[in-house]
Amino acid sequence: MDELLVIIPTRGRPHAIPEIMQAWDDTGATADVLFCVDKDDPELSGYKQQAKAFADDSRVRFVFWARRRLVGTLNQAAVKNADGYRYLAFMGDDHRPRPADMPWDERIRICLSGGPGIVYGNDLLQGEKMATAVAMTSDIVETLDYMAPPAMVHLCVDLVWVEWGRGMQRITYLDDMVIEHLHPAAQKAVVDTGYAECNSPEQVASDSAAYYEYRDGGGLEADLTKLRALVGG
């Protein structure tokens, strides 16, 4: 077992699995990866084929769960695995780590080795502004009992992770650690069913409202109180 687990909720994109694992190989990564698949996914058979293809790769696990959307799935996986790993990370199925002088997962371990904290890299889209892919010490998940505020469904959690790290004064942004976000907003992907759903006007409005309520309605401050106690501040 590695110290670091990368959780990747995925839907409708079984073709992404070999691309992601090729990125692991290209970057020399050894981190474990957990692909979280919805049992009602229309591409379920494709995911099961990928699970068989990677059955002998000790880094790779698949789980097939009832659909909980991105945040619900991420939280379920993070809570279940927090006691088995020192570090937990999130990537979307449209993120790809890129080669550098040091493997990205080793840089994450080094950055987080000093205690509770959060680290993220450059997605070549949002940069330092949003942690669209993120890693944190697992004690953060154990302290809050989630990896992202459960009132949100898909959007705005990348803003929350930055707020947590800054509020704890334990955040590192690595501009030269590239975890590229192959998103339609960067003209790096076409709008498929998944993008259409999570970026619909209704979802944008709902998650934005949930974020502002969390940020301004006391939820963020309550979580930061717990996180500051975790770091002894």
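Things worth noting here:
To keep it simple, each residue is scored yes or no on (1) of a type in the set (Val, Ile, Thr); (2) touching a Lys or Arg at 6+ places or on another chain (Cβ under 7 Å); (3) surrounded by 17 or more Cβ atoms within 10 Å (Cβ to Cβ); (4) in a helix (DSSP H, G or I).
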| residue | (1), (2), (3), (4) |
| --- | --- |
| 152 | no, no, yes, no |
| 161 | no, no, yes, yes |
| 166 | no, no, no, yes |
| 180 | no, yes, yes, no |
| 188 | no, no, no, no |
| 196 | no, no, no, yes |
| 208 | no, no, no, yes |
| 222 | no, no, no, yes |
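- Test for residue 191: is it under 26 Å from residue 14 (Cα atoms), of a type in the set (A, V, I, L, M) and under 16 Å from the mean Cα position of the chain (by Cα): no
- Residue 46 meets each of the listed conditions (1) under 19 Å from residue 176 (Cα atoms); (2) without any contact (Cβ under 8 Å) to a residue 40 or more places away in the chain apart from (1).
- Residue satisfying condition, being surrounded by fewer than 18 Cβ atoms within 10 Å (Cβ to Cβ) and of a type in the set (Val, Ile, Thr), within set 119, 204: 204
- Odd one out for residue 36, checked against (1) of a type outside the set (Lys, Arg); (2) surrounded by fewer than 19 Cβ atoms within 10 Å (Cβ to Cβ); (3) closer than 25 Å to residue 198 by Cα: (2)
- Filtered by the rule that a residue be in contact with a Ser or Thr (Cβ under 7 Å, 6 or more places away or on another chain) and without any contact (Cβ under 8 Å) to a residue 40 or more places away in the chain, segment 131-189 gives a lone residue, 158.
- Put simply, of 135, 196, 151 the only residue that is within 14 Å of the chain's Cα centre (by Cα) and within 20 Å of residue 73 (Cα to Cα) is 135.
- Restricting 160, 134, 141 to those that are out of contact with any helix residue (DSSP H, G or I) (no Cβ under 6 Å at 6 or more places or on another chain), under 16 Å from residue 227 (Cβ atoms) and not acidic (Asp, Glu) reduces the list to 160.
Values quoted throughout were computed directly from the atomic coordinates according to the rules given, and no laboratory measurement underlies them. Just so we're clear, the structure is a prediction, and the values are computed from it rather than from any experiment. Cβ coordinates were reconstructed from backbone atoms using ideal geometry, including for glycine residues, and neighbour counts include every protein chain displayed.
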